[in-house]
Amino acid sequence: MLSAANTFEISEIQEVRNHEPVNKAPECNNVTSHRQTCHRYQRTWVTIKNILRTMQRVLSCSSKDKKPPFSQEGLAIPERDKLQMKIESRGAVSFVWAQAKQIAREVYKLDVDDVLKERYATLFILAAASGLRCAELFALRINDLDFKARTIRVDESADQRTYVIGPCKNVAAYRTVLLADTEGREALLMLKRFLKGPQTQTSLVFRSKRGTALRETSVLHRFLHPVLRTLGLPQAGMHAFRHGCNRRWELSGMNPAVLRQQMGHSSAVMTARYTGEIPLDKVQEAFSKMELENMEVIGKRPHCTGSRLVVYNQQTRGMSGRRTMAV
């Protein structure tokens, strides 16, 4: 079963089967007419990329080495469309912590057995608290967890094309994630309750009945998407929890280098891309916090009289240590 992000429209499936468009567009002799045709037939570059990605997955299943027979690297996208794609990516769905908890609570209301309810509620909460990629969560083993140190080791990844556990996405993905904030501690407590009883150290934390890695398509269609529809939240994949975690840590003032390491990003550009467009309520919170800090600085400003020395702390102004001032 294919994920919702990569699902064909009915007409697109017919196009692939018949090797020709259902509503065949007229031939384009120049770039302008090509763009007009794309808009007329509502085939955005994102849609095209999703179609190609789906075709890669389908065709790779029939190949001996399970590798896609073609690459998207040579896909020529006009600069104007690239800009539009970047603008749209800023509005990617991002689940805040409160929404993640809401989703977890709704999972317990699903018509499935209690074991599944606990498994997927814990999965969503840990995804929101840790920012781990979906493939990293599915490859997580018992011996990767250190509840005393509050850390999670990431050194494997579950390939969602072949469902085989192997190496991580890149060098930066190999990391140890510290969950020392309130959200992280809450997630670890929930995870500890979920793993109650004897466990084999090399067993997967989130596994199927056969002990194999979970499949994202199954997680989305059976659990996440039904819950999102019930709650009236926008439909999204597991990555929305990762986006939310990245934004939460960044807005809390986490050091950029630490944030990049926690997320397993190979560059600061990728980390910045995950922030996306910050909601107005978060912008308002930032202004309110700034005004409050300014008021505190004014309140702590010393009243100096005569020629006595006044020692005061200027840490609130971004300066460390104490400074002596003669008045």
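I'm told ARG161 meets every condition in (1) assigned to a loop (DSSP other than H, G, I, E, B); (2) within 26 Å of VAL258 (Cβ to Cβ); (3) out of contact with any strand residue (DSSP E or B) (no Cβ under 6 Å at 6 or more places or on another chain) except one. Can you identify the failing condition by its number?
Status for ARG161: all satisfied but (2).
Give just the number: which of (1) part of a strand (DSSP E or B); (2) farther than 24 Å from VAL96 by Cα does ARG153 not satisfy?
Going through (1) part of a strand (DSSP E or B); (2) farther than 24 Å from VAL96 by Cα one by one, ARG153 breaks only (2).
Here are some residues: ALA127, ALA92, ALA139. Which one is at pLDDT 95 or above, closer than 26 Å to VAL258 by Cβ and touching a helix residue (DSSP H, G or I) at 6+ places or on another chain (Cβ under 8 Å)? Explain how you work it out, then say what you get.
Working: ALA92 fails: at pLDDT 95 or above; ALA139 fails: touching a helix residue (DSSP H, G or I) at 6+ places or on another chain (Cβ under 8 Å).
None of the other options fit; the residue is ALA127.
Condition check: surrounded by fewer than 21 Cβ atoms within 10 Å (Cβ to Cβ) and either in the same structural domain as LYS196 (by TED's automatic domain parsing) or outside any loop (DSSP other than H, G, I, E, B) (or both). Does LEU110 satisfy that?
On the way: surrounded by fewer than 21 Cβ atoms within 10 Å (Cβ to Cβ): yes; either in the same structural domain as LYS196 (by TED's automatic domain parsing) or outside any loop (DSSP other than H, G, I, E, B) (or both): yes.
So LEU110 fits the description; yes.
Which residues, taken from region 137-175, are crowded, with 17+ Cβ neighbours inside 10 Å and touching a residue at least 60 places away in the same chain (Cβ under 8 Å)?
Matches in region 137-175: LEU137, PHE138, ALA139, LEU140, ARG141, ASP144, LEU145, VAL154, CYS168, ALA173, ARG175.
Of these, ALA100, ALA121, ALA129, ALA104, which one is part of a helix (DSSP H, G or I), closer than 19 Å to LEU233 by Cβ and touching a Cys at 6+ places or on another chain (Cβ under 8 Å)? Please lay out each step first, then the result.
Values: ALA100 fails: touching a Cys at 6+ places or on another chain (Cβ under 8 Å); ALA121 fails: touching a Cys at 6+ places or on another chain (Cβ under 8 Å); ALA104 fails: touching a Cys at 6+ places or on another chain (Cβ under 8 Å).
None of the others qualify; the one that does is ALA129.
Report every pair of residues separated by at least 6 positions or lying on different chains whose Cβ atoms are under 9 Å apart, first residue within region 246-260 and touching a residue at least 60 places away in the same chain (Cβ under 8 Å) and over 17 Å from VAL93 (Cβ atoms), second outside any loop (DSSP other than H, G, I, E, B) and of a type outside the set (Gly, Ala, Ser).
TRP249/VAL258; TRP249/LEU259; TRP249/GLN262; TRP249/MET263; ARG260/MET270; ARG260/THR271
Which one of THR176, THR200 is outside any helix (DSSP H, G or I) and either at pLDDT 95 or above or not assigned by TED's automatic domain parsing to the domain that holds ARG105 (or both)? Steps first, please.
Working: THR200 fails: either at pLDDT 95 or above or not assigned by TED's automatic domain parsing to the domain that holds ARG105 (or both).
The match here is THR176.
Can you confirm whether region 301-310 contains a residue that is exposed (fewer than 13 other Cβ atoms within 10 Å of the Cβ) and either assigned by TED's automatic domain parsing to the domain that holds ARG150 or modelled with pLDDT of 90 or more (or both)? Can you show your working first?
Filtering region 301-310 for residues exposed (fewer than 13 other Cβ atoms within 10 Å of the Cβ) gives 301-303, 305-309.
Keeping just the survivors that are either assigned by TED's automatic domain parsing to the domain that holds ARG150 or modelled with pLDDT of 90 or more (or both) gives none.
The answer is no; no qualifying residue exists.
Restricting the search to region 94-109, which residues are within 17 Å of HIS225 (Cβ to Cβ) and of a type outside the set (Gly, Ala, Ser)?
Matches in region 94-109: PHE95, GLN99, GLN102, ILE103, ARG105, GLU106, VAL107, TYR108, LYS109.
Only residues in region 52-67 that are farther than 12 Å from GLN160 by Cα and modelled with pLDDT under 70 count as the first member; pair them with residues that are not in a helix (DSSP H, G or I) and not basic (Lys, Arg), Cβ under 7 angstrom, at least 6 apart or cross-chain, and list the lot.
SER63/PRO69
GLN235 - would you say it is more than 30 Å from ARG57 (Cβ to Cβ) and in the same structural domain as SER130 (by TED's automatic domain parsing)? So that I can check it myself, show each step before the final result.
Details: more than 30 Å from ARG57 (Cβ to Cβ): no; in the same structural domain as SER130 (by TED's automatic domain parsing): yes.
Criteria not met by GLN235.
The values are calculated or read from the model by the stated rules, or taken from the named source; none is laboratory data. This is a predicted model, so every value here is computed, not measured. FYI the Cβ positions are ideal-geometry reconstructions off the backbone, even for glycines, and counts take in every protein chain you see.
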